[in-house]
1. Please list, in order along region 265-272, the HN-Hα scalar couplings obtained from phi with the Karplus expression 6.51 cos²θ - 1.76 cosθ + 1.60 (θ = phi - 60°), rounded to whole Hz, x for Gly and Pro.
2. Given 0.36 nm per residue, what is the gain on full extension from LEU383 to GLN364 after removing their alpha carbon distance, in nm?
3. Between LYS313 and HIS146, what length in nm is gained on full extension when 0.36 nm per residue of separation is reduced by their alpha carbon distance?
4. Where does helix 179-192 land angle-wise versus the long Cα axis of the chain, in degrees 0 to 90, nearest 10?
5. Could you tell me the extents of region 291-340's C-alpha atoms along the three principal axes, largest first, rounded to whole Å?
6. If you consider only alpha-carbon coordinates, what radius of gyration and Dmax does region 7-193 have, in Å?
7. Run the helix sum for the chain: -39,500 (n - 2.57) per DSSP H stretch of 4+ residues, divided by residue count, reported at 222 nm to the nearest 500 deg cm²/dmol.
8. Provide Rg over Rh for region 1-93; use the alpha carbon set for both Rg and the Kirkwood Rh (inverse mean inverse pair distance).
Amino acid sequence: MARRSSSDVRKSIFDPVHGTIVLEGAALDLVGHPAFQRLWGIRQTGFAHLVFPGANHTRLEHSLGVYWVARQLAATLALAPEDAEAVAAGGLLHDAGHPPFSHSLDGPMREVLGHGHESVSREWIIGRGPSLAGDDSGFDRTLRRHGIDPGFVADLVDPPGGRERNRFLRSLLHGAIDADRIDYLQRDAHYTGVAHGAIDASRLMDTARQRRGRLVFAEKGRSAVEGFLVGRSLMYASVYYHKTVRAAEMMAQASVERVPDFPDAARPIFAGTDGDLVATLRRVGGTSADLVQGLLERRLYKRAAGTRALSPKARRAWRVLATRPERRRQLEDSLAEVIGGAPGSVLIDLSGLDARETAGGDWQDVGILEGSEVTHPFRPPSLWSVFAGRPPSPWPVSLYVHPTLRGAAERRLPATLREAPGI
C-alpha cells in the first residue's frame, strides 16, 4: 500500500473562538516543530491571569487562530495560491520568537538582544534561530519542502531594515485591522471574561477588500469596523494596561534586569518558556528570586504614585530615560534608598508615555468603500477618532513599590514624577 504524503493529510482542531480549524500541508508539518511547540509554554497575556484567572491561554492557541483568520482573509480577497500560502504560514509563525510571558519582557529583550520578538521570529523562519533540543533551529526546510519561500514569509513577519516589501500582504498580519488582532481581541476577551473584545469577526472578514494595494472594507462592514476599533480601545484600557497587570509585568521585567551579570547572562532566558524563566530566576537567587517568588505567591507591588500631567521638560526627560534602562534602574534604586527600601523595591513604569502608539494609532488609516471611492471616516476631527484614539493609560509615568513601602512612597515620592528626573 502506498504511503500517504503529508499533503494528503488533513487534521481538525476544535478551537473555542473559531470553531474547527483545519490543518493541512505546510501548516500541519510546521505545528509539530519544536520551536512552535515551545509556544505551549508561553501565556498569551503575560500576567493577566493574576487579575483575570481564566487568562491561561497560550501563544500556540493564538498562533493557530491567526493562521485560520489569515486563511479566511486570503480566500475572501482571492489571493494567488502562493501568496495565500505565505500569508497563512506567516500567521502561524509570526509569534514564534516571543519570550516567556509574551510582552512582559519586551524591554529587557530589546536591551539584551538589540531587537524584539519579530526579529527572533524571522531568524527561526529562515533557519537561524536559537537551537533547541532535537531541533534543526528553524522552519526553513519545512517551508521549502512545501514550495514556500522562507525569506518571503520572514519579510511578511519582520521586514528587513523596516522596508515594506509586499506591503499589502504584510498588512493582513500587521495592520490596523489584521488577522493577528482579529484573533487576539476575541481570544483574550473569551478567556478574561471581558466582553469588550467580542467583535464581529465574520463580518470583518467577509467585507475585506483590496483597493490600490491597501486593505479596506466594504460599506456594509462599517459597523463591524467601528465595533472593532471600540473593542480594541477598551481591551487595552481594561486588560492590557490594567494597573495590577502592569505591576506584575514590572516585577517580571525587574527580575530579569537584576539577574547577576546582566545583560550577558540573560541571553538564554528569551528562548525558553514561562516555566524555564521561573526556574532560572529562582535558581539565581537575590532580588530576581524575591521578585519571581512574589509573582508566584501573588504578593504584588502597589502603585504608589502616578501623574496625569507632565510639563514638556519633564516629559522629554522621562522619554530620554525610557531609552536608557540602565539609568532608569539607577533612579529606581536611588528612590528606594530615600524611603528605606532595598534595590529593586521601587520600579518606574514608563509605558504610559507612548500608550497611544502602543495601542496602535494606525486606526486613522482604516478605509471604507463608499461606492468606488475609499473614505477615511476615522480620521480627526471625527467623534470616532476621539474615542478610538484615546490613550489606554491615563498615567504617563507610574511608580510601583514593595507593599511594605507604599505609605512611605506615597508621602515622599510623588513630586519626583512631576519633575525632570536627574541622576
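1. Karplus-based 3J(HN,Hα) across region 265-272 equals 5, 8, 4, x, 4, 7, 9, x Hz.
2. 5.7 nm is the gain from fully extending LEU383 to GLN364.
3. Full extension from LYS313 to HIS146 adds 54.6 nm.
4. 60 degrees
5. Extents along the principal axes: 40, 24, 22 Å.
6. Final numbers for Rg and Dmax: 15.6, 45 Å.
7. Helix-only estimate at 222 nm: -13500 deg cm²/dmol.
8. Ratio of gyration radius to Kirkwood radius: 1.03.
Here, each number is a calculation from the coordinates, and none is a lab measurement. For clarity, every value in this text was computed on a predicted model and none was experimentally measured. FYI the Cβ positions are ideal-geometry reconstructions off the backbone, even for glycines, and counts take in every protein chain you see.
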